[in-house]
Amino acid sequence: MNGSSVLRKNSLKNVLSILESRLFSSASEATFETKPFKLHKLENGPNTNVTLSREDALKYYTQMQTIRRIETSAGNLYKEKIVRGFCHLYSGQEACAVGMKAVFRDTDSIITAYRAHGWTYLMGVDPFGVLAELTGRKGGNARGKGGSMHMYAKNFYGGNGIVGAQVPLGAGIAFAAKYNKTGGVCFTLYGDGASNQGQVFEAYNMSKLWNLPCVFVCENNGYGMGTSAERSSASITFYSRGDYIPGIWVDGMDVLAVREASRFAIDYCSSGKGPLVMETATYRYSGHSMSDPGTSYRTRDEIQEVRQTRDPITSFKEKIIGANLVNIDELKEIDKEVKAQIDDAVKKAKTDTEVPLADLAGDIYSKPLETTIRGVTPFKNLEHIRIGPAVNLN
Amino acid sequence: MHAINKYSLFNVSKKLCGCFKYASHFVYHPEQISNKFGKTNKKNMYQAINEAMDLVLSKDSNSVVFGEDVGFGGVFRCTSGLRDRYGKDRVFNTPLCEQGIIGFGIGLAVAGTTAIAEIQFADYMFPAFDQLVNEAAKYRYRSGNLFDCGKLTVRTPCSAVGHGALYHSQSPESFYAHSPGLKIVIPRGAHKAKGLLLSCIRDPNPCIFFEPKMMYRLAVDDVPDDDYEFPLGKADVLIKGRDITLIGWGTQVHVLLEVAEIANKDFGISCEVIDLVTILPWDKQTVANSVKKTGRVIVSHEAPLTGGFGAEIAASIQEECFLYLESPIRRVTGYDTPFPHVFEQFYLPNKWKCLQAVKELVNY
């Protein structure tokens, strides 16, 4: 009796709030205050007072939801053993990628580590291309040959399987941008774990020495595999670890804060001042990879607390509804569309054609001197083939 | 009795494989154990490795175990429970910095501490290549034997696992085999792993201990509970034969054992199967003795053909056994491609490729 009256009361409340949001969601723009940025060797930082248009609100929400859905599906496909190999999920960190991408210009580029599914989608590959790469099918972004960690797009120099190995590459990409005067900036992403690799410091030095337009982004999700940042790093102020390179700390759970910091970083680096370090404080909900349940080195309560209080999607949703930029129905509609789109992509990724055996000997060299690939009996006649031209040079 | 049981089990599993998809590309051949080393218990390879480290930590108070996430057992559970038993001063996590881990281990070892370092995957060890090749391997030589880092042992999982793709499947043993001063060992299962790891840890030279990761759970042997060692640099002749010698190491030994069984049963070909066990320094004598007897030889490894350790063995055999050879020396290996994700089953030198080579050489 009591229960049903509560139900009725709640549904009434829902109806009212829907009506309310319909009636009042007419704002085309709203302003928000981000958490303060922390600065290292910088006089001024990004603006904490940010403006958001209704159009952008809908875009960021859609993008973050799409990434979350892709990751949930990837996790499920892995559990069904349809995705094999290694698989690292980005759930919880969506605001970092979406915030950075929001201010990318055509000339800016990005290179990241192995949590690459979301970035691949943001850089222009449709969810099917991401999921089919995971299932090792022909329609996959790298024709099924890379798998989870190795996806690419224009200006996206890929996911990378070796911890920290992409960081010096980022410095090289930034040098090329400077040398060719494209005006572009390279966002070079790594995690709190990788921040202790020696090559990160080698890349810092080269970038500052030559004042390269490189933004070193340390996505600090709190754990390098199974070891917390505090237990692996002598200094956990990752934004100051470039020493002679200025740095910014940003709330990586707030897409708008990341956007503002990235806008600042692009301005800074493309004005010839050299590199910048940007730490995005974020959190990953899943384990390091699919073989890590993610609960042996942190409590379930901790994960639950982040989900409830700092989730990048939920908090953004509340923010934009609260500011009357959008109404809840619109967001529900987006949720529905995203779900349908990803479900469809999953279905296609499961049934897409397998990669032909000939691809085993494809694209090892650009122009091999020997046209057959040395191998073993009895199948020794593998012909080296060139499957496609590289997109990065076009 | 044991042999009969094993054989009938093998037949059953062969029949089952007709209906089910193969979980792996080989059939594990458990060790035939004597009770030479005392009481045994069924253990898989990660448990055997865990026991070896447990023994060292308990007997040698100046020994430590470290690496990425080893504090709570490591990805493959090899260090499970050790931190609880020996404390976090002796079993500890390192940051993700392979070059640092190995350099740190060399420092510990040169100062007299038994250092057991884990690199999470052999594919991740290349940032530490300089430390291993230029520091660890040459410390003794360049100091005129005043200093050495022989107390260093580096454990690392290697080889195919069924779905490891580019960076979790490689067999990089031949890269390190080019560095005099190092010892390189690869066990074929649980029983060998425990004894060999103990030997590596106690050997007065820096050792790299490659653990075929497919074996961690799959390889179950009767493993002695006690402390025991196997000599390094000594190959094992697992099956004696007349017609052809098959040489492999790690997982590939089990492929070759099955090939020998099929060749014998279906074609009446008598194969001698050798597990090289130690890649550096390798047991040239056992190999040469065998080849002089059989006159034919296949070397098989998962690593690519060109520059694989099979090349070194083949070159030595032609030098030592030239007049005894009845056919060319054949290598059956992975292709000269990066380790492929979706093509793993095509890439691997499986039993059919090896068997084909056996037939070709015998009919040469």
Problem set entry | Average accessible surface area per residue within the protein assembly as shown, 1.4 Å rolling probe, Å² | 42
For this session: Pairs of Cα atoms under 8 Å, at least six residues apart: use those to get the relative contact order of segment A:64-149, whole percent.
Result: 30
Seminar exercise, completed: Taking the chain alone as reference and the full protein assembly as comparison, with a 1.4 Å probe on protein heavy atoms only, the residues of segment A:340-364 that lose at least 50 Å² of accessible area are A:L357, A:L360
For this session: Could you check the simple spin-label distance between B:L323 and B:S80, using points 7 Å along Cα→Cβ, in nm with one decimal?
Result: 5.7
Seminar exercise, completed: With a 1.4 Å probe and ligands and nucleic acids left out, the total accessible area lost when B pairs with A, in Å² to the nearest 100, equals 3400
Problem set entry | Kirkwood hydrodynamic radius over Cα pairs of segment A:70-121, then Stokes diffusion coefficient at 10 °C and 1.306 mPa s, in µm²/s | 129
Exercise. Once you list every other residue whose beta carbon is under 13 Å from the beta carbon of B:A137, what net charge do they have if Lys and Arg are +1 and Asp and Glu are -1?
Worked result: +1
Exercise. Per-residue ellipticity at 222 nm for the protein assembly as shown, helices alone: DSSP H runs ≥ 4 residues times -39500 (n - 2.57), over residue total, nearest 500 deg cm²/dmol?
Worked result: -12000 deg cm²/dmol
Problem set entry | In order through segment A:107-119: 3J(HN,Hα) via Karplus (6.51 cos²θ - 1.76 cosθ + 1.60), integer Hz, x for Gly, Pro | 8, 7, 10, 8, 9, 9, 8, 9, 9, 10, 4, x, 5
For this session: Please provide three numbers in whole Å: the alpha-carbon extents of segment A:251-359 along the principal axes, with the largest listed first.
Result: 49, 42, 35
Problem set entry | Whole-Hz ³J(HN,Hα) from phi, Karplus 6.51 cos²θ - 1.76 cosθ + 1.60, for segment B:243-252, glycine and proline x | 8, 7, 9, 10, 10, x, 7, x, 4, 4
Exercise. Looking at the square roots a ≥ b ≥ c of the eigenvalues of the Cα gyration tensor of segment B:27-111, which shape do they give, rounded for a/c under 1.5, prolate if a/b is larger than b/c, or oblate?
Worked result: prolate
For this session: Sort B:H191, B:H163 from largest to smallest accessible area, using a 1.4 Å probe on the heavy atoms of the protein chains.
Result: B:H163, B:H191
Problem set entry | Cα radius of gyration and Dmax for chain B (Å) | 20.1, 62
Seminar exercise, completed: segment B:163-284: spread of alpha-carbon positions along the three principal axes, whole Å, largest first, is 45, 37, 30
For this session: Take the alpha carbon atoms of the protein assembly as shown, find their radius of gyration, then divide it by 2.2 N^0.38 Å using N residues; give the quotient.
Result: 1.05
For this session: Mind ranking A:218-226, B:276-284 by how tightly packed they are, going by the mean number of other C-beta atoms within 10 angstrom, highest first?
Result: A:218-226, B:276-284
Problem set entry | For segment B:216-364: relative contact order, % (alpha-carbon pairs under 8 angstrom, 6 or more apart) | 24
Seminar exercise, completed: Interchain or sequence-distant (5+) residues whose placed amide H lies within less than 5 Å of the amide H of A:H288 are A:G294
Seminar exercise, completed: Averaged over residues of B:162-172, the number of beta carbons from other chains lying within 10 Å of each residue's Cβ is 4
Problem set entry | All-pairs Cα distance distribution in segment A:114-225, expressed in whole percent, bin size 10 Å | 15, 40, 33, 11, 0
Exercise. How big is the convex hull of the Cα atoms of segment A:187-337, per residue, in Å³?
Worked result: 136
Exercise. Ranked from highest to lowest mean number of other Cβ atoms within 10 Å per residue, what is the order of the peptides A:163-170, B:34-41?
Worked result: A:163-170, B:34-41
Exercise. From largest to smallest, what semi-axes in whole angstrom does segment B:81-131 give when each is the square root of 5 times an eigenvalue of its alpha carbon gyration tensor?
Worked result: 20, 14, 8
For this session: Put one equal scatterer on each alpha carbon of chain A, apply the Debye formula with no solvent term, and list log10 I(q)/I(0) at q = 0.06 1/Å to two decimals.
Result: -0.26
Problem set entry | Phi to ³J(HN,Hα) by Karplus 6.51 cos²θ - 1.76 cosθ + 1.60 over segment A:358-375, Hz, x for Gly, Pro | 4, 5, 4, 9, x, 6, 7, 10, 6, 10, x, 5, 9, 7, 9, 8, 4, x
Exercise. In nm, to one decimal, how far is the modelled label at A:Q308 from the one at A:N205, with both set 7 Å along Cα→Cβ?
Worked result: 4.8
Seminar exercise, completed: Mean separation of Cα contacts under 8 Å (at least 6 apart) over the residue count of chain A, i.e. the relative contact order in percent, is 21
Problem set entry | Averaged over A:143-150, number of beta-carbon atoms from partner chains that fall within 10 Å | 4
For this session: Report, to the nearest whole %, how much of the accessible area of the protein assembly as shown belongs to carbon and sulfur atoms, 1.4 Å probe, protein only.
Result: 54
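The values are calculated or read from the model by the stated rules, or taken from the named source; none is laboratory data. Remember, it's a predicted structure, so these values are computed and weren't measured experimentally. Glycine gets a Cβ as well: all are built from the backbone with ideal geometry, and neighbour counts include every protein chain shown. What goes into the accessible areas is simple: the full protein's heavy atoms, side chains included, and nothing from ligands, DNA or RNA. Shrake-Rupley method; radii C 1.70, N 1.55, O 1.52, S 1.80 Å.
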